[in-house]
Amino acid sequence: MQTTVNIEGHCDPQFRTVEDAFRQNFDAHDEVGAAVSVLIDGETVVDLWGGHMDAARTRPWERDTIVNVWSTTKGIVATCAHRLVDQGLLDLDAPVAKYWPEFSQAGKERLPVRYLLSHQAGLPAIREPLPPGSAFRWGVMTEALAKETPWWEPGTKHGYHAFTWGWLVGEVIRRVTGVSVGTYFRKEIGQPLGLDFHIGLAAEHDARTAEIIPADPPQSGETNFVMEMLRDPQSMPFKVLANPPDLFTPGVVNTREWRAAEIPAANGHGNARAVARLYGALARGGELDGADGRAARVLSAQAIERATVGQAYGRDEVMGLRLRTALGFVLTSPDATLGPNPRGFGHSGAGGSLGFADPDARVGFGYAMNRMIQEDTLTDPRWAPLIDAVYASL
């Protein structure tokens with residue numbers, strides 16, 4: 001266990017208990033490297049980082065360290081899709097095939113865009129085994145999904161599209177805009193807001209990218225929902241995580257190939273500051289001071305309200321957890337707690353990262369780390385003390 005850690009950054013005195021909780025995580029949960037950032041009504045009150053970028057604890061976590069945040073990326077991509085709706089370029093109720101004609105195969109000609117965002121499309125996995133390397137080839141993945149038959153009647157159930165969500169929503173964005181989702185995000189949201197976040201990471205950033213440290217395997221007799229998903233190699237949940245095989249290859253997340261690819265459900269690289277700033281904008285009606293000091297609008301208030309209307313609730317067909325899904329965001333629920341207020345929305349990432357907005361308290365929250373922890377829910381034990389400290393300080 002680590003007994004001392006150097007915490008750097010800024011913390012408003014009113015929120016000193018957040019720093020205390022952040023420091024305590026290094027002892028209580030053997031945190032290696034992490035960052036937490038909080039905005040209240042657009043103002044940064046917490047921006048802290050500490051620990052190390054690598055498992056050997058030889059490289060300190062710096063202010064500009066970035067890390068793969070896994071599915072926290074989904075909230076970023078969902079924001080891109082809703083921006084297109086705001087711009088009048090995308091209709092959530094239109095068939096996906098309107099924008100992506102090849103998608104009309106296998107009975108999907110009337111499947112609406114909203115089912116892609118809400119995990120109701122029935123396309124969480126691809127049945128036919130794909131060869132290694134497929135995850136890094138956009139056209140291979142989108143062609144396979146266009147051909148795929150839904151695993152359930154779209155709209156009747158919901159199941160977490162852990163990886164396929166990114167290619168499905170990302171291809172619609174690409175068809176509408178003519179550019180990749182990473183490019184659209186960078187030009188429309190990332191640069192205007194000054195967000196250090198990347199979907200498709202250039203090699204020049206490798207030196208400041210933290211090493212992802214995988215979760216420890218369960219102890220004898222223990223299990224979790226991920227282990228249950230991998231129990232049967234012929235099952236749909238297994239294929240969600242392991243087809244193509246690149247998705248679950250040990251160490252792949254630390255390779256140049258993974259970082260360079262655009263895998264919009266899972267391989268966004270950024271820091272807690274960037275995530276908190278995006279959600280900080282969404283928590284206050286969609287606007288925040290941009291990189292040039294002028295107000296930058298991400299989404300309209302109407303778009304945020306539309307994006308966060310619950311679409312499905314109950315047992316998830318893939319993970320077996322009880323989730324409340326909106327249109328690309330997860331709503332606070334017992335298995336995914338996003339603060340005390342019922343209108344909290346955001347997205348977590350495998351192993352522990354998190355971003356969320358609370359429009360009632362006008363809170364934007366971001367947390368990123370490199371040591372993964374696998375719990376049997378989507379709530380990480382490192383969040384609770386941080387979130388509790390934020391709300392106790394308001």
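Coordinate-derived values only; no laboratory data. Fair warning: this is a prediction, and the values are worked out from it, not measured in the lab. Note: ideal-geometry Cβ built from the backbone for every residue, glycine included; neighbour counts use all protein chains shown.
Put a plus charge on the Cβ of each Lys and Arg, a minus charge on the Cβ of each Asp and Glu, and nothing anywhere else: the dipole of the stretch 7-393 about its Cα centre is then about 940 debye.
Only Cα pairs under 8 Å and 6+ residues apart enter the sum, and on that basis the relative contact order of the chain stands at 25 percent. In this label model, Ala295 and Asp206 are separated by 4.4 nm, measuring between points 7 Å along each Cα→Cβ vector.
Our helix-only sum for the chain, with -39,500 (n - 2.57) per DSSP H run of n ≥ 4 divided by its residues, gives a mean residue ellipticity at 222 nm of -8000 deg cm²/dmol.
Close amide H pairs (under 5 Å, H built 1.01 Å from N) link Ile7 with no residue at least 5 positions away or on another chain.
A Förster radius of 22 Å, combined with the Cβ-Cβ distance separating Tyr313 from Arg343, puts the computed FRET efficiency at roughly 0.90. Annotation: peptides 243-250, 4-11, 46-53, ranked by per-residue average of other Cβ atoms within 10 Å with the highest first, follow the order 46-53, 243-250, 4-11. Listed from fewest to most Cβ neighbours within 10 Å, the set Glu153, Glu62, Glu31 follows the order Glu153, Glu62, Glu31.
Residue exposure proxy: Lys157, Lys108, Lys74, ordered by other Cβ atoms within 10 angstrom of their Cβ from fewest to most, comes out as Lys157, Lys108, Lys74.
Antiparallel beta bridges, as assigned by DSSP with both residues in the chain, represent about 95 percent of the total such bridges. Rounded to the nearest Hz, the phi-derived 3J(HN,Hα) couplings of the stretch 359-367 under the Karplus curve 6.51 cos²θ - 1.76 cosθ + 1.60 (θ = phi - 60°) are x, 6, 8, 6, 9, x, 10, x, 9, where x marks glycine and proline.
Sorting Val252, Val318 by the number of Cβ atoms found within 10 Å of their own Cβ, with the fewest placed first, yields Val252, Val318. Between 0 and 90 degrees, the angle of helix 138-147 with respect to the longest Cα principal axis of the chain falls at about 50 degrees.
Among the listed values [x] 103, 49, 48; [y] 57, 51, 41; [z] 65, 42, 41, the one matching Cα extents along the principal axes in Å as calculated from this structure is [y].
Other residues lying with their Cβ under 15 Å from the Cβ of Thr72 contribute a combined charge of +2, Lys and Arg counting +1, Asp and Glu -1.
Number of Lys-Lys pairs in the stretch 7-393 with C-alpha atoms under 17 Å apart and a separation of 8 or more places or on different chains: 5.
Positive-end ranking of Leu48, Met227, Val181 along the dipole of the chain, with charges on Cβ about the Cα centre, is headed by Val181.
Compared with the direct C-alpha span, the chain from Trp152 to Asp93 gains 19.3 nm at full extension, assuming 0.36 nm per residue.
Note on Asp388 and Asp232: their simple-model spin labels are 3.9 nm apart, each label 7 Å out from Cα toward Cβ.
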